[in-house]
Amino acid sequence: MLKKREQYNVAIMGATGAVGTQFLSILEERNFPIKEIRLLASGRSKERKLKFKGKNYSVGVLSHDSFKGIDIVLSSAGASRSKEFLPSAVKAGCVCVDNSSAFRMDKDVPLVVPEVNPREALHHKGIIANPNCSTIQAVVALWPLHRKAKIKRIVASTYQSVSGAGQQKILEMEKQIDVINKSVDNWAVGHHSVDKFLIKEFSHQIAFNLIPQIDVFLENAYTKEEMKLVHETRKIMGDDSIRITATCIRVPVFFAHSESINIETEKKLTALEAKKVLSKAPGVIVVDDPSSGKYPMPLYAEGKNEVFVGRIREDESIENGLNLWVVSDNLRKGAALNAIQIAELLIKNA
Ligand code: NAP
Ligand code: 12T
């Protein structure tokens, strides 16, 4: 349990990463009540300093002894680091909000999106899991519709930005684009492909391409990312009867994930009713005026906190169906912001 205090000692595991640096910006923006901030990463970063509220902080090397005196751990250093080090943090008395996939489906670990299931956050045993980025933005948009009309089935196709896969992937796409732009014949067939040595992080070239694989393939021919969306959505919405299927695609966009979502509901919901429900939903902004070309796009969701929903229309192929286009900054609501909102919930209830 988190003890009530005026200010808290916070450790960030993976502080130098794509999500870690967002943790720092968002904690600062929201004036999170911090007494001491402890930045942790791998030995590769031991000479590095990061800025927080105008001051430089050294990065410490993560170890089992990193958590003494810490109240809250925000972890984003990969699932294997979470599995290895969070038990030590819990033993040291910390409450951990974990961004990795390590504990999300554990029965004893709440999986929380504050707009959907805030009360779950209070029944933890030291670890609370932050869902996958694609799951978070989907459930923020779908939960209000589920409450109104009961969702029976979800078909989701995601268009996920490279930043979701970490800092190195962002750099790889930048490099590929740079090399192609400098090549003299880049208008000709085959000339927008890069040399193999520029493809290290992703399994294929990502610049000017799409990759229909995120995370590893499983025995059922789906990827792990696709199955995370299935299982996590059911756990957060607290309804195992919802049928869900997903296709996850990596797109050459730097920040923000987009999703085309089709739902079938028990009760009829017109597009107008759905728009009304969503325009009152917490954390959602409806951007839906096709006649003036207004719909959500990743470039404009970058750096924002909300989940943007547009292209809301009835699925004319079934009785009770809707199609939606859902866009959000994957490093903010999809990761760091959601985790910080969970920490804020814990503080409010401490
Ligand atoms: P990233 O940019 O590659 O950063 C990884 C971070 O982890 C860096 O700070 C890195 O430190 C640190 N790290 C790596 N190996 C370490 C080790 N052995 N010991 C200590 N620290 C280590 O990746 P990211 O995109 O920020 O993602 C990190 C984690 O967040 C992953 O678990 C990912 O699954 C999760 N994530 C979740 C969501 C979500 O859906 N909610 C979204 C994105 C990412 P160095 O700089 O020293 O290498
Ligand atoms: N492989 O947190 O590659 O489970 O975009 C998030 C993002 C795993 C996760 C990605 C991933 C997660 C990615």
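Looking for something surrounded by fewer than 16 Cβ atoms within 10 Å (Cβ to Cβ) and in contact with a Lys or Arg (Cβ under 8 Å, 6 or more places away or on another chain) - is there at least one such residue anywhere in the stretch 263-270? Can you show your working first?
Within the stretch 263-270, the first condition is being surrounded by fewer than 16 Cβ atoms within 10 Å (Cβ to Cβ), and the residues that meet it are 266-268, 270.
Going one step further and asking which of them are in contact with a Lys or Arg (Cβ under 8 Å, 6 or more places away or on another chain), we end up with 266-267.
Yes, the stretch 263-270 contains a residue that is surrounded by fewer than 16 Cβ atoms within 10 Å (Cβ to Cβ) and in contact with a Lys or Arg (Cβ under 8 Å, 6 or more places away or on another chain).
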Requested in this report: Could you check how many residues of the stretch 204-221 are open to solvent by less than 80 Å² (accessible area, probe 1.4 Å) and more than 10 Å from ligand 2 (Cβ to nearest atom)?
Outcome: 8
Report summary line: Apart from one, (1) under 18 Å from Leu210 (Cα atoms); (2) away from ligand 1 (no atom under 14 Å from the Cβ); (3) not aliphatic (A, V, I, L, M) all hold for Pro144; the odd one out is (1)
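Can we say Lys107 is touching a residue at least 12 places away in the same chain (Cβ under 8 Å) and basic (Lys, Arg)? So that I can check it myself, show each step before the final result.
Numbers: touching a residue at least 12 places away in the same chain (Cβ under 8 Å): no; basic (Lys, Arg): yes.
Against the criterion (touching a residue at least 12 places away in the same chain (Cβ under 8 Å) and basic (Lys, Arg)), Lys107 does not qualify.
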Report task. Please tell me if Lys150 is basic (Lys, Arg), farther than 24 Å from Gly17 by Cα and more than 16 Å from ligand 2 (Cβ to nearest atom). Result -> yes
Query raised in the report: Taking the stretch 53-67 as the search range and keeping residues that are loosely packed, with under 12 Cβ neighbours inside 10 Å and part of a loop (DSSP other than H, G, I, E, B), which one is farthest from ligand 1 (Cβ to nearest atom)?
Result: Gly54
Report task. Please determine, by comparing only the residues of the stretch 314-330 that are open to solvent by 10 Å² or more (accessible area, probe 1.4 Å) and of a type in the set (A, V, I, L, M, F, W, C), which one is nearest to ligand 1 (Cβ to nearest atom). Result -> Trp325
Query raised in the report: in contact (Cβ under 8 Å) with a residue 24 or more places away in the chain, in a loop (DSSP other than H, G, I, E, B), near ligand 1 (Cβ under 8 Å from one of its atoms) and out of contact with any Lys or Arg (no Cβ under 7 Å at 6 or more places or on another chain): does that describe Ser100?
Result: yes
Query raised in the report: Any idea which of Val95, Val73 is open to solvent by less than 10 Å² (accessible area, probe 1.4 Å), out of contact with any Asp or Glu (no Cβ under 6 Å at 6 or more places or on another chain), aliphatic (A, V, I, L, M) and within 19 Å of Gly60 (Cα to Cα)?
Result: Val73
Query raised in the report: Would you pick out the residues in the stretch 104-138 that are surrounded by fewer than 24 Cβ atoms within 10 Å (Cβ to Cβ) and assigned to a helix (DSSP H, G or I)?
Result: Pro118, Arg119, Glu120, Ala121, Leu122
Query - Number of the condition not met by Asn132 [criteria: (1) touching a Lys or Arg at 6+ places or on another chain (Cβ under 6 Å); (2) more than 16 Å from ligand 2 (Cβ to nearest atom)] - result: (2)
**Report entry** Criterion: open to solvent by 70 Å² or more (accessible area, probe 1.4 Å) and among the small types (Gly, Ala, Ser) - qualifying residue of Ser279, Ser292
**Finding:** Ser279
Query raised in the report: Any idea how many residues of the stretch 32-52 are closer than 18 Å to Val19 by Cβ, part of a strand (DSSP E or B) and open to solvent by 30 Å² or more (accessible area, probe 1.4 Å)?
Result: 2
Query raised in the report: Based on what the data block shows, is Glu226 acidic (Asp, Glu), at negative phi and within 13 Å of ligand 2 (Cβ to nearest atom)?
Result: yes
Query raised in the report: If you check Lys200 against the conditions, is it surrounded by fewer than 16 Cβ atoms within 10 Å (Cβ to Cβ) and either outside any loop (DSSP other than H, G, I, E, B) or touching a residue at least 24 places away in the same chain (Cβ under 8 Å) (or both)?
Result: yes
Query raised in the report: For Val284, all conditions in the list (1) under 30 Å from Leu2 (Cα atoms); (2) surrounded by fewer than 16 Cβ atoms within 10 Å (Cβ to Cβ) hold save one; what is the number of the exception?
Result: (2)
Query raised in the report: Within the stretch 168-187, is there a residue that is surrounded by fewer than 16 Cβ atoms within 10 Å (Cβ to Cβ), under 30 Å from Ala129 (Cα atoms) and within 16 Å of ligand 1 (Cβ to nearest atom)?
Result: yes
Query raised in the report: Between a first residue in the stretch 250-266 that is touching a residue at least 12 places away in the same chain (Cβ under 8 Å) and a second residue that is of a type in the set (Lys, Arg) and more than 16 Å from ligand 1 (Cβ to nearest atom), which pairs have beta carbons less than 7 Å apart while being 6 or more apart in sequence or on different chains?
Result: Ile263/Arg153; Glu264/Lys152; Glu264/Arg153; Thr265/Lys150; Thr265/Lys152; Glu266/Lys150; Glu266/Lys152
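The values are calculated or read from the model by the stated rules, or taken from the named source; none is laboratory data. Everything numeric in this text was worked out from a predicted model, so none of it was measured. Reconstructed Cβ throughout: ideal geometry from the backbone, glycine too, with neighbour counts over all protein chains shown. Keep in mind that these areas ignore ligands, DNA and RNA; they rest on the heavy atoms of the full protein, side chains included. Shrake-Rupley method; radii C 1.70, N 1.55, O 1.52, S 1.80 Å.
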